[in-house]
Amino acid sequence: FIIRVFQKKIIKRHPRIVVEGRDAASSILKKNPHYTIAFYFSCSLTVSSFRRWRDLKKKIPLKEIKKTLKNRTQQDKIRRQNPLIKVPNAVEIRTHLLTKSQMVQKMSKEIDKKLLLKYGSNFKTRKK
């Protein structure tokens, strides 16, 4: 609770901020302050487990990591306070299907679309 209060104070002081977290849009930014765009990152359990296993320098068995990630996601989705959900207007980024470069491209494109809608002709999209 204390961390959420602190996060909200920082966000109110800095309206042009990027916030990252599993429940940022659905919990921290739910009411005020609000957000311009939300991304919901999803990844297959097989790919996310492999990535975590690689990040941990293969010190923990892949099977154990897969089980832990599956349990964490299930618990996050059913927890009573601030369950992990995709907010209705979030843009889903399916990370297991994209390279890092493709993810950045997709996110940039979505941001440009939102800003164009918000600011109209005053907004100039990035050159490719």
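Any chance segment 13-30 includes a residue that's of a type outside the set (Asp, Glu), part of a helix (DSSP H, G or I) and exposed (fewer than 11 other Cβ atoms within 10 Å of the Cβ)? Yes; the residues of segment 13-30 include at least one that is of a type outside the set (Asp, Glu), part of a helix (DSSP H, G or I) and exposed (fewer than 11 other Cβ atoms within 10 Å of the Cβ).
Checked against (1) in contact with a strand residue (DSSP E or B) (Cβ under 9 Å, 6 or more places away or on another chain); (2) under 26 Å from Lys9 (Cβ atoms), Leu29 meets all criteria but (1).
Looking across segment 32-49, the residues that are touching a Leu at 6+ places or on another chain (Cβ under 7 Å) and in a helix (DSSP H, G or I) come down to Leu45, Ser48, Ser49. From the list Gln102, Gln75, Gln81, the lone residue that is closer than 22 Å to Ser26 by Cβ, assigned to a helix (DSSP H, G or I) and either out of contact with any helix residue (DSSP H, G or I) (no Cβ under 7 Å at 6 or more places or on another chain) or not acidic (Asp, Glu) (or both) is Gln75. Pairing residues of segment 40-68 that are among the charged types (D, E, K, R) with residues that are modelled with pLDDT of 95 or more and not in a loop (DSSP other than H, G, I, E, B), at Cβ distances under 6 Å and at least 6 apart in sequence or on separate chains, gives Arg52/Ile65; Lys66/Ser49. In segment 16-28, the residues that are within 15 Å of Arg79 (Cβ to Cβ) and at pLDDT 80 or above form Cβ pairs under 6 Å with partners that are open to solvent by less than 20 Å² (accessible area, probe 1.4 Å) and assigned to a loop (DSSP other than H, G, I, E, B), at six or more places apart or across chains, as follows: Ser26/Val87.
So, of the residues in segment 55-99 that are surrounded by fewer than 13 Cβ atoms within 10 Å (Cβ to Cβ) and within 14 Å of the chain's Cα centre (by Cα), which turns out to be farthest from Arg4 (Cα to Cα)? Once the filter is applied, the top-ranked residue is Glu92.
The values are calculated or read from the model by the stated rules, or taken from the named source; none is laboratory data. What you see is a predicted model, and the numbers here were worked out from it, not measured in a lab. No Cβ is skipped: glycine too gets one built from the backbone with ideal geometry, and neighbour counts run over all protein chains shown. Please note that ligands, DNA and RNA were not included when accessible areas were found on the heavy atoms of the full protein model with its side chains. Shrake-Rupley method; radii C 1.70, N 1.55, O 1.52, S 1.80 Å.
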